[in-house]
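Have a look at the structure below before the remarks.
The values are calculated or read from the model by the stated rules, or taken from the named source; none is laboratory data. The structure presented is a predicted model; accordingly, all values stated were derived computationally and were not measured. Here the Cβ positions follow ideal geometry from the backbone for every residue, glycine too, while neighbour counts run over all protein chains shown. Heads up: the accessible areas ignore ligands, DNA and RNA and are worked out on the full protein's heavy atoms, side chains in. Shrake-Rupley method; radii C 1.70, N 1.55, O 1.52, S 1.80 Å.
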Amino acid sequence: MTGGGRESEGGEEEVRGARRIPGPRGAADDLDLASVPLPPLPPPGGTAPDEAVPEQAQPASASGDVPESGAGEPEPGLGPGPAAEAWPEPGPGPEPEPADGHPHPAAPEPEPAAPAAEAWSAPHPGPETADGTPEPPAPDPHVSSAPVVLPHQVLKALLGAWALSACSAEETAAVEDHLTACAPCADEALRLRDAVGLLHTDGSLDLDPTLRTRVLDGCFGRRPARIPVPEWAAPYDAETARLDALLRDIGDSEWHAPVRLQWFEEEHRVSRRTTVAGVIGHLMAVDGLLSAALGLDDPLDGGKAPLDPTERTETYWSATRRPPTRAVREPWRAQSHELIRTASFAGRNVAETSVSYGAFALPLQDAALDRAFECWVHGGDIADAVDYPYPAPSAAHLHRMIDLAARMLPAALAGRRSAGLAGPAKDLVAAGAPGRSLHLEIEGHGGGDWYIALDSPAAVGAPERAVAQVALDGVEFCRLVAGHISPVEAAAGQEGDREAIRDVLFAAASLSRL
């Protein structure tokens, strides 16, 4: 140095006015991060604008030279503090002697450093409110609050994510604004939202039993069938289709699930154990009676097979060398399709074709209704065995099944009377004349009112000759006719002649068979 250090006096004045390096910052745990405002984010796709960095004067060295790059810049992470604490002085040590052998002149002692509040010229905090708190910063001009504008194709592709509530807030607002102006997208969004509702429902995922009917009605409404299914065959068509849907939905092992068939003989309940495949074989064997009446092939060789439904079933089961498997489904379904197709092509006259059941006979239209009833009942037996939901038939079809059972009750009651299982006739009348009757009131699903002749099958039931009344639920009455509950277990409202009520309830149970 020259001039005894006088050249550095001006430099020290410059150092006092320069910014000092801040001291160590406190630990992160000591900070209240919730109170620290976050900087605004740059707009998507762009780069953040360069922030204005306040100019900092570089302190001059004692020799008046500019320090090297980075020597006077504050380090990040250091907080404000006195200048004396910013650069700790090194400990005492031996000073190197000058080369000429003369000692250095004593350097002037530095003046006390100014506090950091004076040395560090921080930017102005900004305007304050009336209570002294700083006003919130102005919004960043680079962040736009306008809604997102997306093309139609992009919005259409977002409909699935919107239905699943997987869009961002901006995308959701853009899609919903678009749906108010685009009818095709609004229809598609409605279908997708309904589909999402099926994914979160707590109800059964099984198809609605009326779905097939509604689909067919819609198809026939656009193009009517050239040869429609006869109205009397519609219940059989519907019940075979429902049972076939159940069979398609079960696994191979469930075809061997045990099923117990129940019915009444005289005064006692009888049961028979079989499998799901065995039940389908039983249905196919008895449906062969209708096939023979229509001139179709009987699966049991109609020329030699018995006519009684129970005997036909036993013959089929005994002729099967191996336990039946799911392979029995295809011939049974093909047979039911052939019956419906043949009845549709045959015209109206075929409805009165007689179908013999051995001990009795029914016209084909009633025999088809009887087969629809048995298909529903045994479908419920299978559903119970494999734990599958299986609702009752439609109200119109159930009403026709109940009507068939009510029309068969006078003959069944006469048969029990001839066997000594029912009370004697009390008031015989001429054929076709009104006689003593029981008012059968069926409530609920498929309900209605029927009057059952008590003394003769040829008599006519009439309200004015009613001596008793029985009230039953529609499904409960069908369970009684199918032999699934006993007459004493039927939850029936009863009024009037007790003997007539008992005879009719037991006659209803006697209609059941294997």
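Applying the selection to the range 261-310, what residues are touching a residue at least 24 places away in the same chain (Cβ under 8 Å), among the charged types (D, E, K, R) and either within 29 Å of Val350 (Cβ to Cβ) or in a helix (DSSP H, G or I) (or both)?
Asp287, Asp308
Considering only the range 223-234, I want to know if a residue exists there that is over 22 Å from Phe373 (Cβ atoms), hydrophobic (A, V, I, L, M, F, W, C) and either open to solvent by 80 Å² or more (accessible area, probe 1.4 Å) or more than 19 Å from the chain's Cα centre (by Cα) (or both).
Yes, because at least one residue in the range 223-234 is over 22 Å from Phe373 (Cβ atoms), hydrophobic (A, V, I, L, M, F, W, C) and either open to solvent by 80 Å² or more (accessible area, probe 1.4 Å) or more than 19 Å from the chain's Cα centre (by Cα) (or both).
Just one of (1) within 23 Å of Ala359 (Cβ to Cβ); (2) open to solvent by less than 50 Å² (accessible area, probe 1.4 Å); (3) at pLDDT 95 or above trips up Arg407, so point out which.
(2)
Hey, among the residues in the range 411-451 that are free of Cβ contacts under 8 Å to residues at least 40 places away in the same chain, open to solvent by less than 50 Å² (accessible area, probe 1.4 Å) and in contact with a Lys or Arg (Cβ under 8 Å, 6 or more places away or on another chain), which one's farthest from Ala509 (Cα to Cα)?
If we take residues in the range 411-451 being free of Cβ contacts under 8 Å to residues at least 40 places away in the same chain, open to solvent by less than 50 Å² (accessible area, probe 1.4 Å) and in contact with a Lys or Arg (Cβ under 8 Å, 6 or more places away or on another chain), then Gly435 is farthest from Ala509 (Cα to Cα).
Restricting the search to the range 311-348, which residues are surrounded by fewer than 18 Cβ atoms within 10 Å (Cβ to Cβ), not in a helix (DSSP H, G or I) and not small (Gly, Ala, Ser)?
Thr320, Arg321, Arg322, Pro323, Thr325 - these are the residues of the range 311-348 that are surrounded by fewer than 18 Cβ atoms within 10 Å (Cβ to Cβ), not in a helix (DSSP H, G or I) and not small (Gly, Ala, Ser).
What about His397, is it within 33 Å of the chain's Cα centre (by Cα), open to solvent by 20 Å² or more (accessible area, probe 1.4 Å) and either within 21 Å of Leu514 (Cβ to Cβ) or not polar (S, T, N, Q) (or both)?
yes
Quickly run through the range 190-216 and pick out the residues that are closer than 25 Å to Ala395 by Cα, modelled with pLDDT under 80 and of a type outside the set (A, V, I, L, M).
Passing the criteria: Gly203, Ser204, Asp206, Asp208, Pro209, Thr210, Arg212, Thr213.
Working carefully through the options Val386, Val355, find the one that is touching a Leu at 6+ places or on another chain (Cβ under 9 Å), closer than 21 Å to Ala277 by Cα and among the hydrophobic types (A, V, I, L, M, F, W, C).
Val386
Run Arg371 past the list (1) more than 33 Å from the chain's Cα centre (by Cα); (2) surrounded by fewer than 14 Cβ atoms within 10 Å (Cβ to Cβ) and report the number of the one that doesn't hold.
It fails just one condition, (2).
Starting from residues that are in a helix (DSSP H, G or I) and without any contact (Cβ under 8 Å) to a residue 12 or more places away in the chain, keep the ones in the range 153-170 and report whichever is nearest to Arg193 (Cα to Cα).
Per the criteria, the residue is Ala161.
Please work out which residue is nearest to Pro424 (Cα to Cα), limiting yourself to the range 455-499 and to residues that are in contact with a Pro (Cβ under 8 Å, 6 or more places away or on another chain) and assigned to a loop (DSSP other than H, G, I, E, B).
Ser456
Evaluate the range 199-218: report whether one residue or more is under 27 Å from Ala508 (Cα atoms), open to solvent by 40 Å² or more (accessible area, probe 1.4 Å) and charged (D, E, K, R).
no
Return the only residue of Ala406, Ala351 being of a type in the set (Gly, Ala, Ser), over 25 Å from Ala305 (Cα atoms) and in a helix (DSSP H, G or I).
Answer to the selection: Ala406.
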